[in-house]
Structures are given as structure tokens and as C-alpha cells.
Amino acid sequence: MSLTSIFLLLYFSLFTFLTTHSKPHLPSPYLSPTTIFPNYQNMLKSFKIFIYNPNTPFTFNSPSQSLFYTTLTLQDSAFVTQDAEQAHLFFVPFPSDLSTRSIARLIRGLRNDLPYWNRTLGADHFYLSCAGIGYESDRNLVELKKNSVQISCFPTPAGKFIPHKDISLPPLASSHAPTNKTTRFLGYARFNWLKESTLVNELSSDPEFLIESEPSDLNSYAERIASSKFCLFEYGGGDVSGIGEALRFGCVPAVVTDRPIQDLPFSDVLRWQEIAVFVERRGVGELKRVLARTCGDRHEKMKGLGVTASRHFVWNETPQPLDSFHTLMYQLWLRRHTIRYVRRESA
């Protein structure tokens, strides 16, 4: 056994012990705290993906998409197999700007030329699409949309994400760490994080909140986040790309929304209710009441769990254990058990 394997074995054994022997009053950020690390270890040893060769080389527009694709397709990737019969899942790569007609033609080619798509009607296949694919009438697109796992960017446009099947990519986060962690504000937000002008105007005049435009340097941005108890985001129009950084710097995300959020990153891994606050869109009064109820011991627990969970939001050019790339792979691993449909004739 190599030194790396020994290290990983000890690493996950320690985390499994800490998770399963934690005190009852200390909640876990994980939905399945007793099984995530053993399952993750099995994924590292066993998971195999077959990648269809794209017709022409291409790049992705989204940085997180590009990093995921580049990492997965590395020449020495342990996840990739050239033997399709060994594969748990099949990856269908295509560029972000490919038309729906061209995507349909691509899927039709897979169905007609190779046996793998027809075995499950695409249920053991996945693809990357930052904006997501909508519902279309073409049979090939219907099977892709309804059966295959879509990996899209967070947040995904309304109507283009199927919960429990699809996965969302966490955005790239800053690597700058704050030096001053003194809490000065109840809440912090950048103007583009909030879309509702009334909310922005009222919070801007409240001394308990700091609402500002994009800071001139990343160091001051990290300091602002770390000096606030809550970081405010508005789902459905506002920019929520800073949610991973908020977790990392100990600023509990407070997400204003008018509907349930179904495309949160790692939603079948993390217990989001333990690391973030979700506030119904009812104005500043409701927001401040919810934040006030969450202060004290409750806030400290959420802050600590959020920092623990933030490791999953870190992207690395060379992937590290439990980072964004590996957690996305783990979510795909959880979806490897697919229904074997009865094969139908190709159209």
C-alpha cells in the first residue's frame, strides 16, 4: 500500500470516528454523517467513468465547468476508464453554446452507433450545461433532460433543474484569508447580491449592516465578510456566487427567497438548514427578526458547521480530498444505481 493510500485511510478513519462519536448536542453539516466518509472512500477506489470523445476540441465558458472538465479528463485520472463495460456512468461532453438541434443530433448518434445509451435510455449518463437544458419535444432531448444527470451552474434558471437527479456546480471562491475576525456588523452584502431596491436602500441606512459595491481588492473583501455575523444573498435575481466564501470565512449565509431552493450545491450531501438561514421575502423587518432569533449559541453552531462544510466549496487545480471536484464526483457516485429500461427501437 502506498503512503498516499495509507494517509487517506487514516484521514477518513479519523473523520468517521469523529463523526460517529460526536456529542448529541453538536449537529453535523452532513445529511448522512455516519456513512459519507466510508462511501467516499469506496468511491475513490471503485468509481469509473467512460467519456465519449467529442467531435472537435472545445472549452467551457464557466470557470467551474472548465476546472471540473479539465480535472476529470486528466491523462492519469483514476476515475476514467477506456473500457465502457467497467463504467458506472458515461459522460457526454459538448460545448456550452451548442444548439439544441445539434445536441439532439449528438444523442441520436450515441443511440444509433453504440449500445450504452439504449441500455438505460441515458439514465447512467451525465453532461455539463451551465444554464441547463429546458424541456423540448425532440425524443433525444427528452431522454437527455428526463433521464441523464445534468451538472449546471448555481443558480440554475427556473424550470431547468430536476431535484434529486441533477447537480449544481459551486462557483469558484477566493483563496484570500482574512486576518481580522472581529465581528462589527450584523449583516454584510454587496449591492449585486441583493436585487430588491427597497431592501438595499433600507439596509444601507442601517448601521448594523454594511452594504457596498465590489471592494477594490480581495483582502478587504475577505475582511468585510469575516467581520459580519451574516452574509445576505437574494435568490432569484441576486448574485449568490459568494455563498461558499461566506461559509469559509465564518459568515452565516442568510438567503432571501420567495420559494424553496432546489438547486443548492451538494444538496444531497450537506444539511443546509444547519449552515444557512433562509428568509421569506417580506422586507427588512422580517429579515432582522429572523437574524435576531438566530444570534447567540445557534449562530455560533451554524458558523462552525459552515466552516467545516466550506472545504467542499474549494476548487483546486490539483484536486484535494473533499474539495469541490471530489464532492461532485461523490454526488455522481451516489447516482450510479440506475433503472435498466427495456430497450426500444431507435428513431
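The values are calculated or read from the model by the stated rules, or taken from the named source; none is laboratory data. Fair warning: this is a prediction, and the values are worked out from it, not measured in the lab. Cβ coordinates were reconstructed from backbone atoms using ideal geometry, including for glycine residues, and neighbour counts include every protein chain displayed. Just so you know, the surface numbers come from the protein's heavy atoms only, side chains and all, with ligands and any DNA or RNA stripped out. Shrake-Rupley method; radii C 1.70, N 1.55, O 1.52, S 1.80 Å.
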query: Counting Lys +1, Arg +1, Asp -1, Glu -1, what net charge surrounds residue 192 among other residues with beta carbon under 15 Å of its beta carbon?
result: -3
query: Hey, rough spin-label estimate for residue 336 and residue 56, points 7 angstrom out along Cα→Cβ, what's it come to in nanometres?
result: 3.5
task: Give me the distance in nm between label points sitting 7 Å out from Cα along the Cα-to-Cβ direction at residue 198 and residue 100, one decimal.
output: 3.6
- line: Between residue 154 and residues 5 or more places away or on another chain, the pairs with built amide H atoms under 5 Å apart involve 169
query: In what sequence, largest accessible area first, do 58, 154 appear using a 1.4 Å probe?
result: 58, 154
- line: Between the alpha carbon centres of region 84-126 and region 277-338 the gap in Å comes to 32
message: Modelling each spin label as a point 7 Å along the Cα-to-Cβ direction, I'd like the residue 75/residue 45 distance in nm, to one decimal.
response: 2.9
query: Under the classification rounded if a/c is under 1.5, otherwise prolate if a/b is larger than b/c and oblate if not, where does the chain fall, given a ≥ b ≥ c as square roots of the Cα gyration tensor eigenvalues?
result: prolate
Globularity ratio of region 86-158, using Cα Rg and 2.2 N^0.38 Å: 1.04
query: Accessible area of residue 130, 1.4 Å probe, to the nearest 10 Å²?
result: 40
- prompt: Between residue 213 and residue 139, what length comes free when the chain is fully extended (0.36 nm per residue of separation minus the Cα-Cα distance, one decimal in nm)?
  reply: 22.0 nm
statement: Residue-ordered couplings for region 259-273, obtained by feeding phi - 60° into the Karplus form 6.51 cos²θ - 1.76 cosθ + 1.60 and rounding to whole Hz (Gly and Pro as x), are 7, x, 9, 9, 10, 4, x, 6, 5, 9, 10, 9, 8, 4, 5
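Assuming R0 = 35 Å, what is the FRET efficiency of residue 295 and residue 164, from their Cβ-Cβ distance, to the nearest 0.05?
0.55
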message: Give the residue list of chymotrypsin sites (Phe, Trp or Tyr not before Pro) in region 84-191 that are DSSP loop and have at most 13 other beta-carbon atoms within 10 angstrom.
response: 135
- request: Please list the non-local residues whose amide H lies under 5 Å from the amide H of residue 232, H modeled 1.01 Å from N, same-chain partners needing a gap of 5 or more.
  value: 188, 189, 254
Kirkwood hydrodynamic radius over Cα pairs of region 263-318, then Stokes diffusion coefficient at 10 °C and 1.306 mPa s, in µm²/s: 123
message: Quick check: from the Cα gyration tensor, does region 240-289 come out rounded (a/c under 1.5), prolate or oblate?
response: oblate
message: For the chain, which cysteines have no second Cys with its Cβ under 4.7 Å from theirs?
response: 295
- prompt: Whats the longest run of the chain with zero GluC sites (Glu not before Pro) that are DSSP loop and have at most 11 other Cβ atoms within 10 Å?
  reply: 1-316
task: Grab the other residues whose beta carbon is less than 10 angstrom from that of residue 89, score K and R as +1, D and E as -1, and report the net.
output: +2
task: Calculate what fraction, in whole %, of the accessible area of region 199-347 sits on carbon and sulfur atoms when a 1.4 Å probe is rolled over the protein chains.
output: 46
message: If you count only protein heavy atoms with a 1.4 Å probe, what accessible area per residue comes out for the chain, rounded to a whole Å²?
response: 48
field: Net charge over other residues, Cβ less than 12 angstrom from the Cβ of residue 332 (K, R count +1; D, E count -1)
entry: +1
query: When the solvent-accessible surface of protein heavy atoms is calculated with a 1.4 angstrom probe, in what order do 308, 34, 327 fall, highest first?
result: 34, 308, 327
Amide H partners (placed H, <5 Å) of residue 270, local residues excluded: 31
